[in-house]
Each structure stands twice: as structure tokens, then as C-alpha cells.
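Beneath this line is the structure, given in C-alpha cells, with notes to follow.
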Amino acid sequence: MPLYEYFCETCEQEFTLLQSASANKEETVCDLCGSGNVRYKFSSFASKVVGGTPKTSKPVTMDDYPNKDVFKLPIPRLRSEL
Ligand SMILES: [Zn+2]
């Protein structure tokens, strides 16, 4: 279920609501003061970790490199030499 983020113009607070995608956002009222003067910001899916670092990729392994000969090349300059 999507998590919708709103900003209330009346109490100047942000709040989030779990709503179905078909919910009427025009009729959304502030979660804090009940005012209908709210601004829809954006939505994200509640299943995501809000504020966390999503793990977008698995660890890279040798099999991920199409050309394994690259590992036979001389080791480039160490970062400390820069
Ligand atoms: Zn409010």
C-alpha cells in the first residue's frame, strides 16, 4: 500500500498517510489538526525503509566481470601515491 506524504498549510507540519491508490487525495485532511488545507507532496511505498540506504545491488564477484584478464594486469598506482 502506498505511503503518501502531505504538508499541512494550517499547522505547517508534514505528515504521512497510508492510503490506497484510489483514495481521493482532494478529501485528505490533516492528520494532526484535521484541516483540509493540505498539500500532497509525493508518495513512496511503505515497504521501503524510509531514510535508510536501500541495497540496490548484490556484492560484485569475479563472475560479474566479462573480461577476467583485467585481474592479470599490473596493479595500478595506490591511492596514497596520488
Ligand atoms: Zn494540520
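Data table
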read-out	value
For the range 1-47, fraction of C-alpha pairs farther apart than 15 Å, in %	34
5 angstrom amide H check on Gln19, placed H, neighbours 5+ away	Tyr4
Nonlocal amide H pairs with Val38, under 5 Å, H built at 1.01 Å	Glu9
Normalised contact order of the range 1-47, rounded percent, pairs of Cα under 8 Å and 6 or more residues apart	49
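FYI, it's all coordinate maths here, none of it is from the lab. What you see is a predicted model; the values in this text were computed from it and never measured.
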